[in-house]
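The values are calculated or read from the model by the stated rules, or taken from the named source; none is laboratory data. The model shown is predicted, which means the values in this text are computed figures rather than measured ones. We place every Cβ from the backbone using ideal geometry, glycine too, and count neighbours over all the protein chains shown. All accessible areas refer to the heavy atoms of the entire protein, side chains included, with ligands and DNA or RNA removed. Shrake-Rupley method; radii C 1.70, N 1.55, O 1.52, S 1.80 Å.
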Amino acid sequence: MKTKRITFLAMFIAISMILSYLESLLPQIYIVPGIKLGLANIPVMFAIFKLKPSDALLISGIRIFLLSILFRSFLSFIFSITGGLISIAFMLFFKKINTFSIMGISVIGGVAHNLGQILIAVFIVNTPGLLFYLPILIIAGTLAGIAIGLICNLLVNRIQLPFPD
Amino acid sequence: MKLKRNDIILIISLFIIAAVSFFFIQSMKKVGGTVLVLKNNQEIYKLPLNGNIKKRIEFDNQYNQLVIQDNKAWIESANCSHQVCVKHPKIQYSGETIVCLPHHLVITITDGEATFDSFSY
Ligand SMILES: [Zn+2]
């Protein structure tokens, strides 16, 4: 069982890294810094609903860590990890209190990710002017959350895990 | 797909919050008078927004070409990795900011009066 779980998690991390790569190939719509679709969030959300909270954290944390040491700068690591962790924390909390369906939780994750990143940016470069981006970041996070929510809803309902746990 | 009532309420509320904060920010916008250039959070240049200025900001082979014209400021070119600062729209309102994270460079508009800048979060 333990080996199975490790293999499974490794596979999820690999999938989420590939999704990050695929997303980087999509044409970038530049409006404000930090907006993205968040395809890599799909395996994380799947883990939230089908595996354990710690699995979701592991998948996201290891993906960001690996991508950062392979391709990115330390600064982008700080941004990604902040956005990622805040997003997962909010999704786990709202999953726990059972107020929303997958769609609502995905939207919360998207918005929390964007707000987390802008707050850390305000802190790092010490420019409250970045808060001008707030409205567009909320809208972008909501729309991305809806798109990811639709996909996750399909996956969570259709994929049966190979082990009962 | 089954949505809960709460999902709908959440999505609608987020759109309302975005719209309200957009109009709030819009109402506080006023054209600034000064362009501040900060490197590593230290002010290095203070330039008039109504000037006609081209300035190459260069440190250790990292450059950003700043242009001020028609009461607007923007980065014309730079040799940073993501080019986010170059793609950023022109700025003119107090508190508006262009950030070049790889170069630790911030271009921000102020007017010396109380602005969105002094709005503490
Ligand atoms: Zn730049």
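Tell me the residue from A:Leu155, A:Leu119, A:Leu134 that is within 7 Å of chain B (Cβ to nearest Cβ) and more than 13 Å from the chain's Cα centre (by Cα), please.
A:Leu134
Checking B:His82 against (1) within 13 Å of the ligand (Cβ to nearest atom); (2) modelled with pLDDT under 85; (3) surrounded by 19 or more Cβ atoms within 10 Å (Cβ to Cβ): exactly one of these is not met. Which one?
Looking at each condition in turn, B:His82 falls short on (3).
I'd like to verify a number: residues in the stretch B:47-66 that are more than 12 Å from the ligand (Cβ to nearest atom) and either assigned to a strand (DSSP E or B) or closer than 20 Å to B:Leu101 by Cα (or both), how many?
Number satisfying all stated conditions: 10.
For the stretch A:118-133, check the following and say yes or no: at least one residue is surrounded by 22 or more Cβ atoms within 10 Å (Cβ to Cβ), free of Cβ contacts under 8 Å to residues at least 40 places away in the same chain and closer than 24 Å to A:Leu154 by Cα.
Looking for residues that are surrounded by 22 or more Cβ atoms within 10 Å (Cβ to Cβ), free of Cβ contacts under 8 Å to residues at least 40 places away in the same chain and closer than 24 Å to A:Leu154 by Cα, one finds none in the stretch A:118-133, hence no.
Determine which member of the set A:Leu85, A:Leu58, A:Leu75, A:Leu67 is surrounded by fewer than 17 Cβ atoms within 10 Å (Cβ to Cβ) and either free of Cβ contacts under 8 Å to residues at least 24 places away in the same chain or part of a helix (DSSP H, G or I) (or both).
A:Leu75
When the residues of the stretch B:67-77 are filtered to those that are surrounded by fewer than 23 Cβ atoms within 10 Å (Cβ to Cβ) and in a strand (DSSP E or B), which remaining residue is nearest to the chain's Cα centre (by Cα)?
Among those that are surrounded by fewer than 23 Cβ atoms within 10 Å (Cβ to Cβ) and in a strand (DSSP E or B), it is B:Trp74.
What do you reckon, is B:Ile12 open to solvent by 80 Å² or more (accessible area, probe 1.4 Å), within 25 Å of A:Leu115 (Cα to Cα) and away from the ligand (no atom under 16 Å from the Cβ)?
yes
Table: residues versus (1) open to solvent by 40 Å² or more (accessible area, probe 1.4 Å); (2) within 30 Å of A:Met91 (Cβ to Cβ); (3) free of Cβ contacts under 8 Å to residues at least 24 places away in the same chain.
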site: B:Val37; (1), (2), (3): no, no, no
site: B:Asn50; (1), (2), (3): yes, no, yes
site: B:Arg56; (1), (2), (3): yes, no, yes
site: B:Ile91; (1), (2), (3): no, no, yes
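Could you list, in sequence order, the residues of the stretch A:98-116 that are over 24 Å from B:Phe23 (Cα atoms) and at the interface with chain B (Cβ under 7 Å from one of its Cβ atoms)?
Correct list: A:Thr99, A:Phe100, A:Ser101, A:Met103, A:Gly104.
Would you confirm whether or not the stretch B:82-104 contains a residue that is more than 8 Å from chain A (Cβ to nearest Cβ), assigned to a strand (DSSP E or B) and under 30 Å from A:Gly109 (Cα atoms)?
yes
The conditions are (1) in contact with a Phe, Trp or Tyr (Cβ under 9 Å, 6 or more places away or on another chain); (2) at the interface with chain A (Cβ under 10 Å from one of its Cβ atoms); (3) within 16 Å of the ligand (Cβ to nearest atom), and B:Ile25 fails exactly one of them. Which is it?
Going through the list (1) in contact with a Phe, Trp or Tyr (Cβ under 9 Å, 6 or more places away or on another chain); (2) at the interface with chain A (Cβ under 10 Å from one of its Cβ atoms); (3) within 16 Å of the ligand (Cβ to nearest atom), B:Ile25 breaks only (3).
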